[in-house]
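What follows is a single structure, written as structure tokens, with notes after it.
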Amino acid sequence: MSDPLELLELSMISNGNQTTTTAVAVGSTESFLRLEQVSKVYPTRNGPFTVLTDITLDVQAGEFICVIGHSGCGKTTLLNMISGFVRPTTGEVRLKGQPIKEPGPDRMVVFQNYALLPWLTAAENVYLAVDAVWPEKSRPQKMAIVREHLAMVGLAEAANKYPAQLSGGMKQRVAIARALAIRPEILILDEPFGALDAITKEELQEELLNIWQEHRCTVLMITHDIDEALFLADRILMMTNGPAAKIGEIMTIPFPRPRDRERILEDPTYYQLRNDALDFLYRRYHLNEDGE
Ligand SMILES: Nc1ncnc2c1ncn2[C@@H]1O[C@H](COP(=O)(O)OP(=O)(O)OP(=O)(O)O)[C@@H](O)[C@H]1O
């Protein structure tokens, strides 16, 4: 068998004053991210509880994937196995051919509740992450990265504000800036806009798409909002109900990029896809009032 290192090629991606070195599999058929026959079983007082079963998925570098499914079906568990917070019970999750065994700075997570440190300003929250990943950089270099990423999410003016002085949308922008500042290869978003009002949510969706378009990291995002998934995603994973949930269907979203919300809303395909997703969730995998 050939040495896996022989299959790796180093590619230098230069972006302003930052250069990232990425190992790319050459001549390998393995996709960027692969989940192979993954299951997750939690031990509980009532015996083993199978959350997910038989999950096989290939994700290409730079793809934008949304995950939808009823509450409790295992969406967070699925993404936690990619972030490395949770290990699969069986099967394997591989990033560029290497098994994911723990969290790492190549995979950043943004949560619904922002998870900012309240005693630090917006800039300090971002700085903390930058400092953890690049301790060898000088303070001015790290501050430049912080400023660049706060500006990217439109928060240059709010750098010295504390989380309590920021709106929900602004806090989520800081959390996104913090995640992107360390240049992850995969951005994992767990219902990031779920707590925001409709207008802020649409603004942030558009900002996220612009940033993704520019940086082309791979995005995996959980959402309960079908319209959000249709606007953002290349593919939508539709999960069946738990226990033992699976990927029921994968919907490919054909709208060209950059996406224009108004044009999408005029496209009859949008309503067809929307109806298909609603049919999947509310007819084929309907949850009754007991959540079963
Ligand atoms: N550590 C654990 N031990 C036992 N059961 C767990 C554990 N973590 C999650 N679960 C269970 O696994 C199931 C899936 O949880 P998960 O949070 O992944 O679902 P979800 O689809 O993200 O839900 P929601 O949409 O409500 O956030 C739930 O029934 C949950 O109670």
Requested in this report: Among F280, A177, T53, pick out the residue whose Cα is farthest towards the positive end of the charge dipole of the chain, where Lys and Arg carry +1 and Asp and Glu carry -1 on C-beta, about the Cα centre.
Outcome: A177
Query raised in the report: Once phi is turned into ³J(HN,Hα) by the Karplus curve 6.51 cos²θ - 1.76 cosθ + 1.60 with θ = phi - 60°, what whole-Hz value does each residue of the range 261-275 show in order, with x for glycine and proline?
Result: 4, 5, 5, 5, 5, 8, 8, x, 4, 4, 6, 5, 5, 4, 5
Query raised in the report: When Lys and Arg each count +1 and Asp and Glu each count -1, what net charge do the other residues less than 13 Å away from I250, Cβ to Cβ, add up to?
Result: -3
Report task. Please state, as a whole number in µm²/s, the translational diffusion coefficient that the Stokes-Einstein equation yields for the chain at 37 °C and 0.692 mPa s, with Rh defined as the Kirkwood radius across alpha carbon pairs. Result -> 162 µm²/s
Query raised in the report: Using +1 on the beta carbon of Lys and Arg, -1 on that of Asp and Glu, and nothing else charged, what's the dipole of the range 105-235 about the Cα centre, debye to 20?
Result: 600 debye
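For the range 129-214, state which GluC sites (Glu not before Pro) are in a DSSP loop and have at most 16 other beta carbons lying within 10 Å of their beta carbon. It would help to have the intermediate numbers written out before the result.
On the way: sites: E136, E148, E157, E185, E202, E203, E206, E207, E214; in loops: E136, E185.
Here the GluC sites (Glu not before Pro) that fit, given the DSSP loop and packing criteria, are E136.
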Query raised in the report: On average, how much accessible surface per residue is there in the range 4-284, in Å², for a 1.4 Å probe, leaving out ligands, DNA and RNA?
Result: 48 Å²
**Report entry** Charge tally in the Cβ shell below 13 Å around Y127, where Lys, Arg are +1 and Asp, Glu are -1, Y127 excluded
**Finding:** +2
Query raised in the report: Listed here are the pairs K101/K171; K75/K246; K40/K75; K137/K161; which of them are more than 21 Å apart at the Cα?
Result: K101/K171; K137/K161
Query raised in the report: Please state the relative contact order of the range 167-270 as a whole percent: Cα pairs under 8 Å, 6+ residues apart?
Result: 21 percent
Query raised in the report: In percent, what relative contact order does the chain have, based on Cα pairs under 8 Å that are 6 or more apart in sequence?
Result: 21 percent
Query - Sequence-distant residues sharing a close amide H with A245 (under 5 Å, placed H) - result: L52, T53
**Report entry** Given charges at Cβ of Lys, Arg, Asp, Glu: the range 4-284 dipole, positive-most of V133, I253, M221
**Finding:** V133
Report task. Provide the percentage of antiparallel DSSP beta bridges, counting only those with both residues in the chain; round to the nearest 5. Result -> 60 percent
Requested in this report: Counting only chymotrypsin sites (Phe, Trp or Tyr not before Pro) that are in a DSSP loop and have at most 16 other C-beta atoms within 10 Å, tell me the longest site-free stretch of the chain.
Outcome: 120-292
Report summary line: Given backbone amide H placed at 1.01 Å from N, residues whose amide H is under 5 Å from that of I222, ignoring those fewer than 5 places away on the same chain, are V67, L189, D190, E191
Query raised in the report: Can you give the relative contact order of the range 45-153 as a percent, counting alpha carbon pairs under 8 Å and 6+ residues apart?
Result: 15 percent
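Give the range of the longest stretch in the chain that excludes all trypsin sites (Lys or Arg not before Pro) found in loop regions by DSSP and having at most 11 other beta-carbon atoms within 10 Å.
102-292
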Requested in this report: For the range 228-235, take each phi angle, set θ = phi - 60°, evaluate the Karplus expression 6.51 cos²θ - 1.76 cosθ + 1.60, and give the result in whole Hz per residue in order, putting x for glycine and proline.
Outcome: 4, 4, 5, 6, 8, 7, 7, 9
**Report entry** Straight-distance crosslink candidates among aspartates and glutamates, where the alpha carbon sits under 12 Å from K201 and sequence neighbours closer than 8 are dropped
**Finding:** E191, D225, D227, E228
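Under a Cβ-only charge scheme (Lys and Arg +1, Asp and Glu -1), can you give me the dipole magnitude of the chain about the Cα centre, in debye to the nearest 20?
Numbers: 29 positive and 39 negative charges, 151 e Å.
With Lys and Arg at +1 and Asp and Glu at -1, about 720 debye.
The values are calculated or read from the model by the stated rules, or taken from the named source; none is laboratory data. Computed from a predicted structure; not experimentally measured. So basically every Cβ, Gly included, is an ideal-geometry build from the backbone, and we count neighbours across all protein chains shown. These area figures cover heavy atoms from the full protein model, side chains too; ligands, DNA and RNA do not enter into them. Shrake-Rupley method; radii C 1.70, N 1.55, O 1.52, S 1.80 Å.
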